[in-house]
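What follows draws every value from the coordinates through simple rules; no lab data is involved. Computed from a predicted model, the values in this text were never measured in an experiment. FYI the Cβ positions are ideal-geometry reconstructions off the backbone, even for glycines, and counts take in every protein chain you see.
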Amino acid sequence: MHILTTTSASLDDLVEPVDLRQQPADVVALSFTDSDLAGLAQAWQADAARLPSMRLAALRDLRHPMSVDLWIDSVARHARVILVRILGGYDWWRYGCDQLAAVARERGIKLALLPGESHDEDPRLIEGSTLPRDELEALLGYFRQGGPANMAALVQRLAGLAGMDAAVSEPVVVPKAGYYEPGRGVVPVPLEGKGNAAPVIPILFYRSMLLAADVAPIDALVEALCSQGMAPVPIFVSSLKDPTSLAFVEDAIAALNPAAIVTATAFASSADPGARTLFDRAGVPVFQVIVATTRRDIWEANQRGLAPADLAMHVVLPELDGRILAGAGSFKGEAEADTALGFRAFANRPEADRVVQVANRIAAFLRLKATTRAERKLAILIPDYPSAPGRTGYAVGLDVPSSVLAMLHDLSEQGYGVEGIPQSPRALLDALETGGHRIGHQVYAACSAELPDDARGTAEAARGRLGWGHGTPPGPPPPPPTGGDATAASRLSPITSVVAGEPSTTVLISPLAGEMAGRPEGGVHAPAFPFRAATFGNITVALAPDRGRSADRRADYHDPSLPPRHELIAFGLWLRKLLGVHALIHVGAHGTLEWLPGKTVALSQACFPEIVTGALPVIYPFIVSNPGEAAQAKRRIAAITLGHLPPPLTGAGLSEDQHKLERLVDEYAQADGLDRRRRDRLAGLIVETATRTGLAMEAGVTGTDAPDEALRRIDAWLCALKDFAIKDGPHI
């Protein structure tokens, strides 16, 4: 038995006292949850002129005993009515409950101590309250149902308790699931009075957001989808695991016949192993939009993007349903302080450009769906993973050129506009080198001007300016510190603006020497960025430009801090703006797009994966044995990953010398116990043969091994080698 030195500490010991510096009021309400306080604030503000004065405070700010004492002396002891809703019950705010109960009895204040869990009963809270039990139950009923109407009724009831002549109404039941419309609230029928020509997009979100009057992200998303010509239908649910909510959504999907589904719910849908989920049965793309609990300032400053809880609930678990990550739509943020309430709300704040990006991504998928196969334009991107020389288009476990040819034939059979399919993988790769595709610097300038301001600023800051001067540049300028950039002896930049007048027809490209074929060498004058690409009807096959220097391709390929060259940004703009492709098919693991600098998840418009790919749908065949790196593509370029099989396995087999040695070992085994002299001669012959052919060293036999030990090693090595399975060429 050992005596351990220990210390004990309570939550009160870990926080510092604060003074909220609130002014007294007739009615005071406290809660641990922001949704309670936001709902009460909105209800009071809607009718403030006819209501008694009110103060709101978050219990998280009153955890230290000194904080409680300061607040009671300055605010609580002067109130007529005090309402406190405590998540976790009496034990979570023991000191505050005891002090308020004493002050309320001393000064005749009406005190309601309510549990945060609406279905629970805490006798100690009831005992500490000064209101009768039936009144406590009535007040708790408004929180049980929640929503703007019930919060308004609760404020009226508190006004009555404070001595005003206020109409009292009973709580209104809010269904577990239903339709919502911005500006109207809960509605019985969706899209009432609207045409049905636009594609219908249900938006699933939690009922708790509606009850807390915290639906600004949903309102913003509805507006963004409407601007893209869609007909959004918000549907609130208590949970996708609740049978009532699940049945309502199933019926709604059957009635609405949606083109896609957007869900802001967390976790994965409820289904038994092997069973079809709600989204499986819907049979349409399902987009996950993140309503993050992460604070906006933390998201903006943090490379990770989301807090661990948001990452797990809104990204990792929904991936199990096969949802497409559309991006983050909102973050937690503080509203401007309401001086009348002495309270600053902390609620969901939509991020305008992120909501637009979500809508753009959904619109891009619908555009792909609405376009006939014969008119769809696809880009098939071949990865150029650094490997052994001469293996252009390498991917892990996949014969990429042969797979691309198979895709072209399959697409042609399915009615896509495919022409002039190469006869062999070699012919395909040769066509990429001679395709003659490029984007001129003037065009790049015009296209890059359409990038968001943050994206242009990020690209310019990371890779410097590329521009034009009047007349021919006198000579190559030195390459930038990061190397591999397209630069010019000019004051202008396509990342910022293009000057009026005719630019020079000669622009200097100065990447480092040692570039791959199809790329400009250091100090070459060229008016455009060339691409290794070939077009076969409506299908373009391409190798993406390097993101960094050819001399350091292996190190640069996955460097999360290395910004891409201008060529790679121009390549993305070329695909989206000039070719007008409907989707990108990335063949094999893995590319460089998902490894470009930026946030790990919940990207901003200044993150390079979004700068290059935009909202383009990405389909990504990925080796099934590497789900960890496939997740990177799902989370950073919204890829739909399709697992392909690893290469088939076959027996390694034995060489001629190994077969000869095996036959000698078999003869030795037959002679053992029958003919000792023959056995001994064979033993010597086996060791001699293994030594002469060099197989002894491969088998691990050393010059000091006894004959029996050498035989044992050789036999074990041959058995293991014969049974060893190897990959029988890449998968197609």
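List of remarks:
- Rounded to 0.05, the FRET efficiency of the residue 303 and residue 722 pair, given R0 = 60 Å and the Cβ-Cβ distance, is 0.75.
- Nearest-ten-degree value, helix 94-107 long axis tilted from longest Cα axis of the chain: 20 degrees
- Set of aspartates and glutamates near residue 660 by C-alpha distance (under 19 Å), chain-local residues within fewer than 8 positions excluded: 672, 680, 688, 698, 715, 723
- Against the main long axis of the alpha-carbon atoms of the chain, helix 65-74 sits at an angle near 40°.
- Here region 624-644 and region 416-460 have alpha carbon centers that stand 24 Å from each other.
- Rg/Rh (Cα only; Kirkwood hydrodynamic radius) as it applies to region 184-267: 0.93
- Dividing the convex hull volume of the alpha carbon atoms of region 583-732 by its residue count gives 157 Å³ per residue.
- Diffusion of the chain by Stokes-Einstein, at 10 °C in a medium of 1.306 mPa s and with Rh set to the Kirkwood radius over alpha-carbon pairs, works out to 51 µm²/s.
- Cα-based helix-to-principal-axis angle, 243-256 vs the chain, degrees rounded to 10: 70 degrees
- The chain: antiparallel DSSP beta bridges as a percent of all, rounded to 5: 35 percent
- Karplus-derived 3J(HN,Hα), 6.51/-1.76/1.60, for each residue of region 404-411, Hz, glycine and proline x: 5, 4, 4, 4, 4, 5, 5, 4
- Two-site FRET efficiency, residue 87 against residue 19, from Cβ-Cβ distance with R₀ of 30 Å, rounded to 0.05: 0.80
- Across region 650-727, Cα pairs under 8 Å and at least six residues apart give a relative contact order of 47 percent.
- Largest first, the extents of the alpha carbon coordinates of region 650-727 on the three principal axes equal 43, 27, 18 Å.
- Relative exposure of 622, 724, 571, judged by other C-beta atoms within 10 Å (fewest first): 724, 571, 622
- Spread of Cα-to-Cα distances over 10 Å intervals beginning at zero, given as percent, for region 112-212: 13, 36, 27, 15, 7, 2
- Nearby lysines by direct alpha-carbon distance to residue 332 (threshold 29 angstrom, same-chain neighbours under 8 apart not counted): 176, 241, 599, 634
- For region 14-161, the calculated P(r) over all alpha carbon pairs, in 10 Å bins from 0 to the bin holding the longest distance, is 12, 46, 37, 5, 0 percent.
- Here the 3J(HN,Hα) profile of region 301-310, calculated from phi with Karplus coefficients 6.51, -1.76 and 1.60 at θ = phi - 60°, is 8, 9, 5, 5, x, 10, 5, x, 5, 5 Hz, Gly and Pro shown as x.
- Short-range pairs are left out: with C-alpha atoms under 8 Å and at least six residues apart, the relative contact order of the chain is 9 percent.
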